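What follows is a set of notes on a single structure, which appears directly below.
The values are calculated or read from the model by the stated rules, or taken from the named source; none is laboratory data. Worth saying up front: this structure is predicted, and the values here are computed from it rather than measured. Ideal geometry is used to build each Cβ from the backbone, glycine not excepted, and the neighbour counts take in all protein chains shown.
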């Protein structure tokens, strides 16, 4: 798939709430995911599709998503950006029971028709 095709597929699946399916359909086996901060003590980078699956499952288990608006994709050479506006209630951790809104941007790099790197931009302060 081309960069824009990967982006469209990822956005389509995320809009449908199929985040795990987007991983399976779009991500490379050796993907690297980078967060702006270390949230769980494991560092900012997650490497490999198995670790990404676990990170996603852990996030979904710890949060109840009320809605998620997904914008994009916005292509640029071998990358594309996606915006996320998420209304969520934390089920675990220091924010358990608190409902809040998150806005973030994901920048995805495509190599050989798969997402090889994802970087998230957001502010939690």
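Tally up the residues in the range 17-27 that are closer than 15 Å to residue 70 by Cα and at pLDDT 95 or above, please.
Kept after step one, since they are closer than 15 Å to residue 70 by Cα, are these residues of the range 17-27: 17-19, 22.
Next cut, at pLDDT 95 or above only: 22.
Count: 1.
Among the residues of the range 106-125, those identified as without any contact (Cβ under 8 Å) to a residue 40 or more places away in the chain and part of a strand (DSSP E or B) are 106, 107, 109. Is there a residue being exposed (fewer than 14 other Cβ atoms within 10 Å of the Cβ), over 19 Å from residue 123 (Cα atoms) and touching a residue at least 12 places away in the same chain (Cβ under 8 Å) anywhere in the range 26-39? Scanning the range 26-39 turns up at least one residue that is exposed (fewer than 14 other Cβ atoms within 10 Å of the Cβ), over 19 Å from residue 123 (Cα atoms) and touching a residue at least 12 places away in the same chain (Cβ under 8 Å). Quick check on the range 47-82: of everything there that is within 18 Å of residue 111 (Cα to Cα), under 12 Å from the mean Cα position of the chain (by Cα) and free of Cβ contacts under 8 Å to residues at least 60 places away in the same chain, which residue is surrounded by the most Cβ atoms within 10 Å (Cβ to Cβ)? Checking each candidate, the answer is 52.
Taken over the range 91-125, the criterion of being touching a helix residue (DSSP H, G or I) at 6+ places or on another chain (Cβ under 8 Å) and either at pLDDT 95 or above or buried (at least 17 other Cβ atoms within 10 Å of the Cβ) (or both) is satisfied by 91, 108, 110, 113, 114, 115.
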